[in-house]
Every structure is written in structure tokens, then in C-alpha cells.
1. Rounded, prolate or oblate: which fits the chain, taking a ≥ b ≥ c as square roots of the Cα gyration tensor eigenvalues, rounded meaning a/c under 1.5, else prolate when a/b beats b/c?
2. Determine the calculated [θ] at 222 nm for the chain from helices alone, applying -39500 (n - 2.57) to every DSSP H run no shorter than 4 residues and normalising by the residue count; nearest 500 deg cm²/dmol.
3. Using the alpha-carbon atoms, what tilt in degrees (0 to 90, nearest 10) does helix 119-134 show relative to the longest principal axis of the chain?
4. On average over all directions, what projected area in square nanometres does segment 84-146 have, based on the convex hull of its Cα atoms?
Amino acid sequence: MSANALHHLVAAETLAGRLIAADPAGWRDYTEHAFVRGLQTGTLPEAAFRTYLVQDYKFLIHFARAWALAAVKADDPAEIRACAATVHALIDEELKLHVAYCRGFGLGERELLAAPEHPATTAYTSFVLERGLSGDLLDLLVALAPCVLGYGEIGARLARDPETRLEANPYRQWIETYSGEAYAAVVQAASAQLDRVAAARIGAPLETSPRWPGLVATFARATALEVAFWQMGLDATG
């Protein structure tokens, strides 16, 4: 996969596209992980996916907290509104959908709440929140970006790959969710917000800004933590 693999969702000249291009190996490790290949073929052990579902529930709660922090960090009404809308979508829509989806795998919300948080989940969410607390809105959005962008890239790639199995694939709904037009719009909105916030705080060109190395490092670290999140699921199968 090239550094421009997101060209159909995110243009290469955007901040998102440039951050992906700055660490192509890390991005490939994330979007082409063995966990993802298992989703693609329907061969991922259910135990791995159940572990992922439980921890993703925990992650979504922290993700909402991070977006609430983003609203605090924002100083423009439009950005505050955008961050608040994301919190609403996560808590009032995405979390409910996740709980309903988990029921199909025999997981009730009480079980999701009671499950201990895995160290991989804690490491990832703590990193994102730390970047938001110690940095500004741009630092936080860059730390949040790999999750949003990566799921869109994975979904789109699996949808167009002839090796993807949909018939009788227990993970078909997951693939169709992240390859759909609605999620593509989420990816495009996240990329556009990154560009707006970067323009307000850095201007252009990005790569010559003193902040560029730090943004690249933040994005790469969050991407690596996404890899660890997938691996957590696989490790649950022994």
C-alpha cells in the first residue's frame, strides 16, 4: 500500500495525507494487520473479535472524553460546535450502536461495563488524553486522527478487494459499516477539520514549521498504539 492509499478519501496534500506519507510503514502495519486480514476473510477467531468489541466499548468512552477535551481546547465557535457534535455522536449514537452490535456476539452492556480495561486500551487512551492536556487542539486532533482515518482506509480497501469475503462472513457488518458512504463522510470531515485547525495555528507550509516533527511523532505513536490494539485481540486467542 502506498503512502497515497487514502487518495479516494483524503487528498495527499492535506495534513492527514502528509502525516500518513511521513510514516508509510507504520500505516501499513496498522491497516494491513493480521487482525484486519482475519476480518477480510472471515477467519478471525471469534474470541479475538469479542475481546476487541469489549475493549472498543471502553475506548469509545475515552474517545468521547477526548473530544470533550477538544471542545475545551477550541477557541473558535465553529470548532467547539464540531467537537461537541462528535461527543454527541459518540455517546448518543455510536455507543448505542456498538452495544446493539455486541449483543449479536453474546455480550450485554453490563458485561461490557464490568470487563477490566486491557493495558493496550489504557496505553492508547492515556496517550491521546495526555497530548490533549499538554498540547493544544491541533496536537489532540492529530492524536485522534489515526483511528478515524484508518478505519475508513481499511473499510474502503476491503470493500474494493476481490479477496474480501462477504458471503457468510461473520464480520460483514463491520466491513460494510466502515466502507459505507456515511463513514467516508466522517473521514472527510475529520480531515477538513485538521486542515482548518492547522491553518489557524501554523499556516503553510506545514513541513517547515517547528511543530511538524512533533505532529509526525504524535501521529506515528497513535498509529503504533492502533497496531497494539489489534494485536491485543489476536493475543486473546493464545
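A short reminder: the numbers here are calculations on the coordinates, not readings from a lab. Just so it is clear, the structure is predicted and the values come from calculations on it, not from any experiment.
1. The shape class here is prolate.
2. Using -39500 (n - 2.57) per qualifying helix, the result is -23500 deg cm²/dmol.
3. For helix 119-134, the angle is close to 20 degrees.
4. That works out to 5.3 nm².
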